[in-house]
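Report on the following structure.
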Amino acid sequence: MTIIKLILSLIKWIIIIGIAVLGVYVISSNFNILGNYRPYLVQSGSIEPSIMTGDIVVIQSRNTYVINDVITFKKNSGQIVTHRIVSVEGEKEKQYFTKGDANRTGDEDIIINEQIVGKVVLVIPKLGYLVAFIKSGPGLIYLLIIPAIVFIFDELIKIKKNVKNRN
């Protein structure tokens with residue numbers, strides 16, 4: 001196998017894996033196909049160093065949450081946030097007080113169970129950068145144009161080889 005074929009093959013597999021990762025992320029973000037699990041992209045550094053900007057967190061809905069759980073919830077403004085529970089009050093209707101690890105003060109919103117999407121059960125480091133890039137304009141261009149060029153170039157090499165073998 002020549003070096004060019006090896007490089008083309010490697011590029012093809014990287015593209016296929018990238019498309020698969022993006023597909024799984026997009027589908028599982030929008031539909032409940034993974035059961036009780038759902039991925040989110042961390043877009044700010046408020047929970048660093050526990051979870052870094054660009055990480056993907058996988059959350060799982062639970063019935064109860066306790067102090068030190070890192071949860072993803074909808075703020076009163078509708079924004080989705082991932083922060084740590086620093087205190088819990090109330091017996092029947094629990095109220096959760098949260099804070100980002102990198103923040104000096106706690107969050108202003110008091111969170112109730114209905115606002116909590118779930119507890120962070122898995123962190124996938126830096127994968128979010130790939131997802132965010134692929135969702136961008138240049139990312140879509142690279143996702144469509146570069147693979148097309150690679151596949152066309154590969155086909156031209158195969159055609160050239162077939163013509164050469166016939167002669």
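Of note:
- The chain, relative contact order in percent, only Cα pairs under 8 angstrom and at least six apart counted: 22 percent
- Split the chain at each of the GluC sites (Glu not before Pro) in a DSSP loop with at most 13 other beta carbon atoms within 10 Å, and the longest piece is 1-90.
- For the chain, the pair-distance distribution built from all alpha carbon pairs, in bins 10 Å wide starting at 0, is 9, 29, 25, 15, 10, 7, 3, 1, 0 percent.
- Estimated FRET transfer efficiency (T53, K92; beta-carbon r; R0 35 Å; 0.05): 0.40
- Probing with 1.4 Å while keeping every protein chain in the model, the per residue accessible area of the stretch 79-160 equals 65 Å².
- Normalised by residue number, the volume inside the convex hull of the Cα atoms of the stretch 41-127 is 84 Å³ per residue.
- Taken as entire DSSP H runs, the helices of the chain that both span 27 Å or more between Cα atoms along their own long axis and average -0.5 or more on the Kyte-Doolittle scale are 3-30, 137-166.
- Expressed as a whole percent, the accessible area of the chain that falls on carbon and sulfur atoms is 63 (1.4 Å probe).
- Where D55, D101 fall by accessible area, highest first, once all protein chains stay in place (1.4 Å): D101, D55
- R104, R62, ranked by accessible area, largest first (probe 1.4 Å): R104, R62
- Sparse-neighbourhood loop sites, chymotrypsin sites (Phe, Trp or Tyr not before Pro) in the stretch 35-77 - DSSP loop, at most 10 other Cβ within 10 angstrom: none
- Working note: Cα atoms of the stretch 74-122, range along each principal axis, descending, whole Å: 30, 25, 21.
- Sequence of S77, S136, S44 when ordered by accessible area, the most exposed leading, probe 1.4 angstrom: S77, S44, S136
- Computed on the stretch 90-167, the Cα convex hull volume stands at 187 Å³ per residue.
- For the pair N113 and L10 in one chain, pulling the backbone fully straight at 0.36 nm per residue adds 32.4 nm over the alpha carbon distance.
The values are calculated or read from the model by the stated rules, or taken from the named source; none is laboratory data. Since the model is a prediction, treat every value here as computed from it, not as a measurement. Cβ: placed from backbone, ideal geometry, glycine included. Neighbour counts: every protein chain shown. When the accessible area is computed, the model is the full protein with side chains, heavy atoms only, and any ligands, DNA or RNA have been set aside. Shrake-Rupley method; radii C 1.70, N 1.55, O 1.52, S 1.80 Å.
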